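Have a look at the structure below, then the notes.
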Amino acid sequence: KFFEQNKNKFTLFTEINVNIYRSNNAQDLENIKATTKTALKAEKATLTPNNSDPRLLGLLSSIPIGSFSPVLNSQKGYEIYQV
């Protein structure tokens, strides 16, 4: 019954278009979320189960279009995703 009433909470997109911002400084990424001005260049990407972690797809599936993910640790520093 919970599932039937909350199907939107169980949605997992199999393809998500994102802008990825990367930095060695997490505060730079927090600043992007607060303002539209940035010196960082976004990388456009299409994420699918074949090229990304399913946990990341799950997280990004819950973010409204045009909004940002939390700042995430990556192998090269930090990154945020704009859906």
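Quick note: the coordinates plus some simple rules give every number you see, no bench work behind them. Everything quoted here is computed from the prediction, not taken from an experiment. Ideal geometry is used to build each Cβ from the backbone, glycine not excepted, and the neighbour counts take in all protein chains shown.
Looking at Thr46, is it β-branched (Val, Ile, Thr) and in contact with a helix residue (DSSP H, G or I) (Cβ under 7 Å, 6 or more places away or on another chain)? No; evaluated as a whole, the condition is false for this residue. For the stretch 68-83, filtering for residues that are surrounded by 10 or more Cβ atoms within 10 Å (Cβ to Cβ) and in a loop (DSSP other than H, G, I, E, B) leaves 4. Looking at the stretch 19-67, which of the residues that are touching a Ser or Thr at 6+ places or on another chain (Cβ under 8 Å) and either among the β-branched types (Val, Ile, Thr) or assigned to a strand (DSSP E or B) (or both) is surrounded by the fewest Cβ atoms within 10 Å (Cβ to Cβ)? For the stretch 19-67, the residue satisfying everything is Thr48.
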